[in-house]
């Protein structure tokens, strides 16, 4: 009896993997980092995708690769150039870590080919290391991110610890196509097994699912609201900017428009826009005119702005006011 149960379980695992991969082959999104298995672009995409939506990453990925086509080019670049290319993606510590890791890879003479070795690079944790190792090098190691965790929770119908989730993912993993399997699990969670209103009727592995989409209601994220005002001061072909302190805990060394407490009579409100950073939603007013003498900054020519590490909000404002394209 025990042998029959074990065989049934093994057959179920094989069917799960087969159905998932058949679905993935026919329905996977056409994403630029899926074109090849070169470890450099795979690594770059995984770092960019940390805490960032796929749609946002697509816009930056090709541009970044064009500027830094190889890990050697990235390692040789100045950190300010890397931050400039990253500007708008947010979470700039990722860009700094990416740059440091590139230097390490070039110094060592080869790209780490196992998850264990990849985790020694700056900015590469357990999930990222497993994703790169399985996709670029075919290492049979599973990944667990938010999407995979949700799929596993619904398939098993159990609340599991993080380590149990990793073990479950490893049990399901296709040893023949580990990279594709991992991407298929993430794709399933991102497009079918959604947090709310999952598309169970078109799910390729619904027969293996215990809950059929029934999960406890997720916690509602508490968001904060804040109003802020920036001064836009233009003089001929230059704009007045300030630089964040290198010791700042948030976006150190990046350039932005000067913040002003309240516009005065000499200012003209040029623009109002919305901007979000983590759990805070900002209403941003932009006032055209001179900034207070107490603000220390620098006049920067428009021709230099593209190469400058601007904050994402500064770039959004300058684009909206057509100071830059």
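Read-outs: derived from the displayed coordinates by stated rules, not from any lab. Everything quoted here is computed from the prediction, not taken from an experiment. Glycine also receives a Cβ, built like all others from the backbone with ideal geometry; neighbour counts cover every protein chain displayed.
With one equal scatterer per alpha carbon and no solvent term, the Debye-computed log10 I(q)/I(0) for the range 124-197 at 0.19 1/Å reads -0.71. Working from label points 7 Å from Cα in the Cα-to-Cβ sense, the residue 36 to residue 70 distance is 1.2 nm.
With only Cα atoms counted, the range 1-160 has Rg and Dmax values of 18.3, 65 Å. Here the extension length gained between residue 223 and residue 277 equals 18.4 nm, from 0.36 nm per residue of separation less the Cα-Cα distance. Within the chain, the percentage of alpha carbon pairs spaced more than 32 angstrom apart rounds to 42%. Entry note, the range 224-320: relative contact order of 37 percent, from Cα contacts under 8 Å with a spacing of 6+ residues. Work the Kirkwood hydrodynamic radius out for the range 34-82: mean of 1/r over every pair of different alpha-carbon atoms, inverted, in Å. Across the range 34-82, the inverse of the average 1/r is 11.4 Å.
Computed extension gain for residue 245 through residue 25, at 0.36 nm per residue and net of the alpha carbon distance, reaches 74.4 nm.
Between 0 and 90 degrees, the angle of helix 2-27 with respect to the longest Cα principal axis of the chain falls at about 40 degrees. Taken along its three principal axes, the alpha carbon spread of the range 224-320 comes to 37, 32, 26 Å, from the longest extent down to the shortest.
Using a cutoff of 8 angstrom between alpha carbon atoms and counting only pairs six or more residues apart, the relative contact order for the chain works out to 17 percent. Efficiency by 1/(1 + (r/R0)^6): what FRET value for residue 167 and residue 120, r their Cβ-Cβ distance, R0 = 25 Å, to the nearest 0.05? With a Förster radius of 25 Å, E is 0.60. Kirkwood radius and radius of gyration were both taken over the C-alpha atoms of the range 79-189, and their ratio Rg/Rh is 1.04.
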